[in-house]
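Student: The following block contains the structure, expressed as structure tokens.
The values are calculated or read from the model by the stated rules, or taken from the named source; none is laboratory data. For clarity, every value in this text was computed on a predicted model and none was experimentally measured. Cβ placement follows ideal geometry from the backbone for every residue including glycine, while neighbour counts extend to all protein chains displayed.
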Amino acid sequence: MEKRFNGNFTQQEPIPEEGIDAALAVLRSGRLHRYNTVDGEVGETALLEQEFAEMVGAKYCLAVASGGYAIATALRAVGVLSGDTVLSNAFTLAPVPGAIFSVGAVPIYVGVTRDLTIDLDDLKSKLPQARFLLLSHMRGHICDMDRLMDMCREASVTVIEDCAHTMGASFRSVPSGRHGAVACYSTQTYKHANSGEGGLLVSDDPEIAARAVLMSGSYMMHGRHIAAPPPEVFERLKYVTPNISGRMDNLRAAILRPQLRDLPERIERWNVLYHAMEHALANAPQVVVPKRPQDEAYVGSSFQFLLPDFSSDAISGFIKRCENRGVELKWFGEPEPKGFTSRYDSWQFTSIERMPETDDVLRGLIDMRLPLTFSKRDCELIAEIICQELNAR
Ligand SMILES: *Cc1c(COP(=O)(O)O)cnc(C)c1O
């Protein structure tokens, strides 16, 4: 009989018991709002910020309501104004162009390479058109950050990093998010730490950090932050920075703190799953797995491969057959995207120019999540089913 995979691609692990206990303590206290503290108490949200800043080696950190909110806040904090152009990835998730749109700015999309990183040659040619780059490390693939930063520095382009898929990753030992002026992370359920919804923003720039704190809705209680700039920075900015509320609360911070502590161990387990997939697909002649540079330390929380020689019809049939056997694949080249959008041509709220090379990469791009509830054996079974169905066409 044909083997079938019975796992669930969207099932994450439970919240660590320590996080559940901390959440119950917050609930029992009734002090869920981050600024609702008693004398001498440092709230869970402030502690989370301090611990995350330390983890990535940033001076300042702010926890907020979502990854998308963190990005929009970062754009505002670096000075993006209505009508400004912002360079960004043609291949990323919808909240990225959405954040650009939300501040009234205009995205200019940059193509993707076969290794699934931003096309640095395309970027170079477009740098003169903008003062900002919102760089998304989509699906955890990190480009040559040294080359990118050199190019951007030379062109006086400020870099904002979207690290939704690179929390815990690094490039040449520099943690992802520590190259640009400011970086944003998501703690939404499907990312590397799970608080349902949530986001984190880090920066070494006191003005950017203070503006972000004020905008997130600090009600003049920035003194209760322990990973924020000193009071004099807030003095300069507090009456000229609007409040655009989007704070994190203590309940979510409480369940995130133990998850951050466990992150290195979780990354190891993710990479065991990733390597199992990579190994099992290495001998499938139709499959191209993106090369990952030596300089990149990644988090294999999802897996991508290309089927460059398949027609769209052949891919469509392959996806269907895998689905029938319990293997849920995403196809970024699907003519009608399902559920979420990741392709620039799905974002027609601003004008777009066709990018044939990017279209060509995305047309054959397949993706799957690798939740930590999967075992290595699960990945081997998934790969076995994929290989059989590739040959069944
Ligand atoms: C998830 C995600 C975000 C942020 O999403 P939220 O759901 O707002 O937390 C940003 N960029 C990418 C690439 C993402 O996948």
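Student: For region 291-310, check the following and say yes or no: at least one residue is part of a helix (DSSP H, G or I), out of contact with any strand residue (DSSP E or B) (no Cβ under 8 Å at 6 or more places or on another chain) and touching a residue at least 12 places away in the same chain (Cβ under 8 Å).
Tutor: No.
Student: Now, a different point. In region 195-211, how many residues are within 19 Å of the chain's Cα centre (by Cα), of a type outside the set (Ser, Thr, Tyr) and either away from the ligand (no atom under 16 Å from the Cβ) or closer than 12 Å to Cys61 by Cα (or both)?
Tutor: The number of residues fulfilling the criteria is 4.
Student: Could you figure out which of (1) surrounded by fewer than 22 Cβ atoms within 10 Å (Cβ to Cβ); (2) within 15 Å of the ligand (Cβ to nearest atom); (3) of a type in the set (D, E, K, R) isn't true of Arg252?
Tutor: Condition (1) is where Arg252 drops out.
Student: Cβ-Cβ distance below 7 Å, separation of 6 or more or different chains: which pairs start in region 219-241 with a residue that is of a type outside the set (D, E, K, R) and end on one that is assigned to a loop (DSSP other than H, G, I, E, B) and crowded, with 18+ Cβ neighbours inside 10 Å?
Tutor: If the second residue must be assigned to a loop (DSSP other than H, G, I, E, B) and crowded, with 18+ Cβ neighbours inside 10 Å, the pairs left are Tyr219/Tyr35; Met221/Tyr35; His222/Ala228.
Student: Taking the residues in region 292-316 that are in contact with an Asp or Glu (Cβ under 9 Å, 6 or more places away or on another chain) and within 17 Å of Cys387 (Cα to Cα) as candidates, determine which candidate is surrounded by the most Cβ atoms within 10 Å (Cβ to Cβ).
Tutor: Looking at residues that are in contact with an Asp or Glu (Cβ under 9 Å, 6 or more places away or on another chain) and within 17 Å of Cys387 (Cα to Cα), I get Phe303.
Student: Another question, if that's okay. How many residues, within region 36-70, are hydrophobic (A, V, I, L, M, F, W, C), assigned to a helix (DSSP H, G or I) and either away from the ligand (no atom under 14 Å from the Cβ) or without any contact (Cβ under 8 Å) to a residue 60 or more places away in the chain (or both)?
Tutor: 7
Student: Among the residues of region 223-247, count how many are outside any loop (DSSP other than H, G, I, E, B) and touching a strand residue (DSSP E or B) at 6+ places or on another chain (Cβ under 9 Å).
Tutor: Of the residues in that region, 1 qualify.
Student: Something else now. Answer yes if at least one residue in region 207-219 is touching a Lys or Arg at 6+ places or on another chain (Cβ under 6 Å), assigned to a loop (DSSP other than H, G, I, E, B) and surrounded by fewer than 24 Cβ atoms within 10 Å (Cβ to Cβ), and no otherwise.
Tutor: No, because not a single residue in region 207-219 is touching a Lys or Arg at 6+ places or on another chain (Cβ under 6 Å), assigned to a loop (DSSP other than H, G, I, E, B) and surrounded by fewer than 24 Cβ atoms within 10 Å (Cβ to Cβ).
Student: Within region 266-282, identify whether any single residue is farther than 30 Å from Arg147 by Cβ and outside any helix (DSSP H, G or I), and answer yes or no.
Tutor: No, region 266-282 contains no residue that is farther than 30 Å from Arg147 by Cβ and outside any helix (DSSP H, G or I).
Student: Looking only at region 284-291, decide whether some residue is more than 20 Å from the chain's Cα centre (by Cα), modelled with pLDDT under 95 and either surrounded by 22 or more Cβ atoms within 10 Å (Cβ to Cβ) or of a type in the set (Gly, Ala, Ser) (or both).
Tutor: Checked region 284-291: at least one residue is more than 20 Å from the chain's Cα centre (by Cα), modelled with pLDDT under 95 and either surrounded by 22 or more Cβ atoms within 10 Å (Cβ to Cβ) or of a type in the set (Gly, Ala, Ser) (or both).
Student: Determine if region 171-188 includes at least one residue that is more than 15 Å from the ligand (Cβ to nearest atom), among the aromatic types (Phe, Trp, Tyr) and in a loop (DSSP other than H, G, I, E, B).
Tutor: Taking every residue of region 171-188 in turn, none turns out to be more than 15 Å from the ligand (Cβ to nearest atom), among the aromatic types (Phe, Trp, Tyr) and in a loop (DSSP other than H, G, I, E, B).
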